[in-house]
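Below is one structure; the comments refer to it alone.
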Amino acid sequence: VKRIGVLTSGGDAPGMNAALRAVVRACKYYDLQSVGIRQGYEGLINSDMIELGPRSVKNIINQGGTVLKTARSAEFRTPEGRLKAYKHLKDNNIDALVVIGGDGSFTGANIFHKEFGVPFIGIPGTIDNDIFGTDFTIGYDTALNTVIEAVDKLRDTATSHDRVFFVEVMGRDAGFIALNTGIASGAQDILIPEQRDSVQELCESLERSEKSGKKSSIVIVAEGEKLGGVYELAKQVQQKHPEYDIRVTVLGHIQRGGSPTCHDRVLASRLGIAAVEGLIEGKTNLMAGIRSNKVVFTPIDEAIKKHNEIDTELIKVANILAI
Ligand code: F6P
């Protein structure tokens, strides 16, 4: 490889800029050229690209979002869109791609590779931590810290008013954010898509906490839980317990923004360099990840199809502490 194209795709995540910076600087270090592709695959389709060098990625390691911008490209899902993308890739002499994003972004790169043989390596960037082949995805740690800061604030009101707060956190298919922030913020109950919960059990948990002397409670609900959403849950609990003073807070996209934590910056820096080194070694259709603090490459098909399991020990921890 001589010239690597790099893009960010799918939902933004804090630390994507740090990964971009690492890719660009690793390219320079190994005497390769790097090209930034704007707005994910849209930038390939529209030939919206920019030459990058070590100085063009200065002062971005601390910035949330992605300076390259991102998109979920509908056109790239069509064969015509991908053909346009391939033409522009060739016109710009790009030999290989680094794709920073989630499983949707990797699926696109994988199809593109099958059709046109363009080598690529994926870097997992999503706050959801739902990608197989890495212990942590870029942005997850920052999102966790954003959530606990917000829930700590909500707890002030919950305590002052003796209220029950239902807090919805992100994670459309995965409960990693909910489970970990639930433990870290002392939630009475945590509802995640991976577990079969019921309104009955939730009510019992709240009743137990009341009997044990608790006057206020936090319930963390993952966006993807299967009981009809946070408002519906709150409504059903309120019907059973009209005496509870219940409030609902949806944290939403504040979880996706902000300056990345040290953990996310270091993770992104390591994976950015690993991706470039992987391409130099002739690797392709792989995702760079970190497992047990070592860089590992996982076949992209596995990264897309398999799922990280929720740790049952963490569920036990949450249950014991909610006594
Ligand atoms: O995948 C990351 C994520 O933040 C999910 O947790 C959430 O469901 C989704 O993206 C929201 O995406 P958007 O608002 O960008 O469409």
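Fewest Cβ neighbours within 10 Å first, please rank Val295, Val221 accordingly.
Val295, Val221
Which values, in whole Å and largest first, are the semi-axes of the equivalent ellipsoid of segment 240-281 obtained as the square root of 5 times each eigenvalue of the Cα gyration tensor?
44, 11, 9
Starting from a Cα-only point model with no solvent, please compute log10 I(q)/I(0) by Debye for the chain at q = 0.08, 0.09 1/Å.
With no solvent term, the Cα-only Debye profile gives -0.40, -0.50.
Can you list which of the GluC sites (Glu not before Pro) found in segment 172-255 are DSSP loop residues with at most 14 other C-beta atoms within 10 Å?
Answer by residue number: Glu243.
Among the lysines, select those whose C-alpha is under 19 Å from the C-alpha of Lys294, and discard any that sit fewer than 8 residues away in the same chain.
Of all the lysines, those that pass the test against Lys294 - Cα under 19 Å, at least 8 places apart if same chain - are Lys283.
Straight-line reach from Lys305: which aspartates and glutamates have a Cα under 15 Å away, not including same-chain ones fewer than 8 places off?
Within the straight-line cut-off, Lys305 pairs with Asp103, Asp130, Asp173.
Starting at the first residue of segment 205-220, write each ³J(HN,Hα) from the Karplus equation 6.51 cos²θ - 1.76 cosθ + 1.60 with θ = phi - 60°, in whole Hz, x for Gly and Pro.
Couplings: 5, 5, 5, 4, 5, 5, 4, 7, x, 6, 9, 9, 8, 10, 10, 9 Hz.
Return P(r) of segment 169-278 (all Cα-Cα pairs; 5 Å bins starting at 0; whole %; ordered from short to long distances).
2, 11, 17, 21, 16, 11, 7, 6, 4, 3, 2, 1, 0
Take every Cα pair under 8 Å in the chain that's 6+ residues apart, average their separations, divide by the length, and report that relative contact order as a whole percent.
The value is 24 percent.
Quick one: angle between helix 230-240 and the longest Cα principal axis of the chain, in degrees between 0 and 90, rounded to 10, please.
Approximately 10 degrees, to the nearest ten.
Jot down the per residue volume, in cubic angstrom and as a whole number, of the convex hull over the alpha-carbon atoms of segment 245-323.
With only Cα atoms used, segment 245-323 gives 174 Å³ per residue.
Neighbour counts of other C-beta atoms within 10 Å: give me Met16, Met49, Met287 arranged from fewest to most.
So the ranking, lowest neighbour count to highest, is Met49, Met287, Met16.
Along the Cα→Cβ direction, 7 angstrom out, place labels at Asn93 and Leu227. What is the inter-label distance in nm?
About 6.0 nm separates the two model spin labels.
Angle check, please: helix 140-161 long axis (alpha carbons) against the longest principal axis of the chain (alpha carbons), in degrees 0 to 90, nearest 10.
The angle comes out at about 20 degrees.
So what are the radius of gyration and Dmax for the Cα set of segment 115-240, in Å?
16.9, 64
Percent relative contact order of segment 194-323, based on C-alpha pairs within less than 8 angstrom and at least six residues apart?
Worked out over segment 194-323, it gives 18 percent.
Give the Debye-formula value of log10 I(q)/I(0) at each listed q (0.12, 0.19, 0.24 Å⁻¹), with one equal scatterer per alpha carbon of segment 1-83, two decimals each.
-0.34, -0.80, -1.12
When the gyration tensor of segment 23-166 is built from Cα positions, what are the square roots of 5 times its three eigenvalues, in whole Å, from largest to smallest?
For segment 23-166, the semi-axes come out at 36, 19, 13 Å.
Step through the residues of segment 93-106 one at a time and calculate ³J(HN,Hα) from phi using the Karplus curve (6.51 cos²θ - 1.76 cosθ + 1.60, θ = phi - 60°), rounding each to whole Hz and writing x for Gly and Pro.
For segment 93-106, the Karplus-derived couplings read 6, 7, 8, 7, 10, 10, 10, 9, x, x, 5, x, 5, 5 Hz, x marking Gly and Pro.
Charges at C-beta only: +1 for Lys and Arg, -1 for Asp and Glu. How large is the resulting dipole of segment 256-323 about its Cα centre, in Debye rounded to 20?
Using only the charged Cβ atoms, the result is roughly 120 debye.
On full extension of the chain, what length is gained from Leu314 through Lys114, given 0.36 nm per residue of separation minus the C-alpha to C-alpha distance?
Residue separation times 0.36 nm, minus the Cα-Cα distance, leaves 68.1 nm.
Cα centroids of segment 232-284 and segment 119-186: how far apart, whole angstrom?
Centre-to-centre distance over Cα atoms comes out at 5 Å.
So for segment 83-188, averaging the separation of alpha carbon pairs under 8 Å that are six or more residues apart and normalising by length, what relative contact order in percent results?
20
What list of ³J(HN,Hα) values in whole Hz, one per residue of segment 279-286 in order, does the Karplus curve 6.51 cos²θ - 1.76 cosθ + 1.60 (θ = phi - 60°) give from phi, with Gly and Pro shown as x?
5, 4, 7, x, 6, 7, 6, 10
When Leu32, Leu321, Leu233 are ordered from fewest to most other Cβ atoms inside 10 Å of their Cβ, what list results?
Going from sparsest to densest Cβ surroundings: Leu321, Leu32, Leu233.
Need one number for segment 199-253: average projected area of the convex hull over its C-alpha atoms, nm².
For the Cα atoms of segment 199-253, the hull's average projected area reads 3.9 nm².
What distance in nm separates the simple spin-label points at Lys211 and Cys262, each placed 7 Å from Cα in the Cβ direction?
With each label placed 7 Å out from Cα toward Cβ, I get 4.4 nm.
List every residue whose amide H lies under 5 Å from the amide H of Ile290, counting only residues 5 or more places away in sequence or on a different chain, with H placed 1.01 Å from N in the peptide plane.
Asp135, Phe136, Val296
Throughout, read-outs are computed from the coordinates displayed, never taken from laboratory work. Since the model is a prediction, treat every value here as computed from it, not as a measurement. FYI the Cβ positions are ideal-geometry reconstructions off the backbone, even for glycines, and counts take in every protein chain you see.
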